[in-house]
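Reviewing the structure listed below.
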Amino acid sequence: MKNYTSINDIENIDTWILEAKEVKRNPLKNKDLGKNKTLGLLFFNSSLRTRLSTQKAALNLGMDPIVMNVSGDAWGIEFGDGTIMNGTTAEHIKEAAAVVSQYCDIIAVRAFPTLTDKEKDESEQVLTAFKEYASVPIVNMESATGHPLQALTDAITIRENTTKKRPKVVLSWAPHIKALPHAVANSFTQAMQKMDVEFVIANPEGYNLNPEITKGTPIYHNQEEAFKDADFVYTKNWSSYENYGKVVNTDPNWMITKDKLGDAKFLHCLPVRRNVIVEDAVLESDSSLVIQQANNRTYAAQLVLKKILNKL
Ligand code: CP
């Protein structure tokens, strides 16, 4: 594997889950694999889990991670081809990516969508440019439309917490005050489609995800109906796809409560707004898997880095 930029880079998710569980059992087994190799982590946006767990994964493999907050600390980067750069951008991605490639053996990038320009977001301008102009492998740490490190983590966490061959998994929208990206929901949907699970999505009207991603997955506009016999409820807010990037509903009745959850386990990628997305009682119960899920971010990232290092 050269790059890990989409969930589609996983050939067989069941095999990857088994491999990740092995990494988790013995995280220092390959502590020399990344010796004298550098991982560059470039953040155009904020992060807690991705930033720390990906560095931890690199350290477990013996790599040296170096981190940069690109938006705050680097020169403004230009992505347009042929642009007359007499505005706010001072450095072109063609030079920036080539230069960083000389310092790093793998580059990991986080760059969120605009949520105002659907075409630009779907073109994955930043990630695509790094893939084109860097000369080393690229890892997606959440891009405009996908968060494949998170989705691999979620798949691992679901398999760790069920003995059922085919559990029922629900992806449920929940309210939020701000317009949020579709990336987590998109990649989670794609991961569940690759697994042997009964997968459905629950969201209010006006919040259907990109139909090219949801494909044949059943979509319910009635949360109670979707939650019937659920083993796992994965909750996430996302803004409207149809009315691109807009908040068209903040109905608090879509918040996850202990009553609604029943016997199902609760997942969320974090950070989560308490008593907006989910009530305290859920997060503070044994039904919540969010801390275990965040722990698995390290092993998902470590498996990805290991696979890339093995091909260098
Ligand atoms: N879930 C996740 O990606 O968390 P951070 O935004 O804190 O990295």
Requested in this report: Return the pairs, sorted by first residue and then second, in which the second residue is part of a loop (DSSP other than H, G, I, E, B) and of a type outside the set (A, V, I, L, M, F, W, C), the first residue lies in the range 1-16 and is open to solvent by less than 40 Å² (accessible area, probe 1.4 Å), the beta carbons are less than 7 Å apart, and the residues are 6+ apart or on different chains.
Outcome: Asn3/Pro137; Ser6/Gly146; Ile7/Gly146
Query raised in the report: Can you find a residue in the range 91-111 that is within 16 Å of the ligand (Cβ to nearest atom), closer than 21 Å to Ser239 by Cβ and buried (at least 21 other Cβ atoms within 10 Å of the Cβ)?
Result: yes
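Can you list the helices (runs of 4 or more DSSP H) lying wholly within the range 145-240 that have 2 or more residues being within 16 Å of the ligand (Cβ to nearest atom) and either of a type in the set (Val, Ile, Thr) or within 20 Å of Val278 (Cα to Cα) (or both)?
148-160, 183-194
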Query - Tally of residues being within 14 Å of the chain's Cα centre (by Cα) and over 18 Å from Glu19 (Cβ atoms) across the range 147-170 - result: 1
Query raised in the report: In the range 241-292, how many are at positive phi and away from the ligand (no atom under 16 Å from the Cβ)?
Result: 3
Query raised in the report: Do we find a residue being modelled with pLDDT of 95 or more, of a type in the set (Gly, Ala, Ser), more than 30 Å from Lys21 (Cβ to Cβ) and away from the ligand (no atom under 16 Å from the Cβ) anywhere in the range 56-73?
Result: no
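The values are calculated or read from the model by the stated rules, or taken from the named source; none is laboratory data. All figures in this text were calculated on a predicted structure; none of them were measured in a lab. Heads up, the Cβs are rebuilt from the backbone with ideal geometry, glycines too, and the neighbour counts pull from every protein chain shown. What goes into the accessible areas is simple: the full protein's heavy atoms, side chains included, and nothing from ligands, DNA or RNA. Shrake-Rupley method; radii C 1.70, N 1.55, O 1.52, S 1.80 Å.
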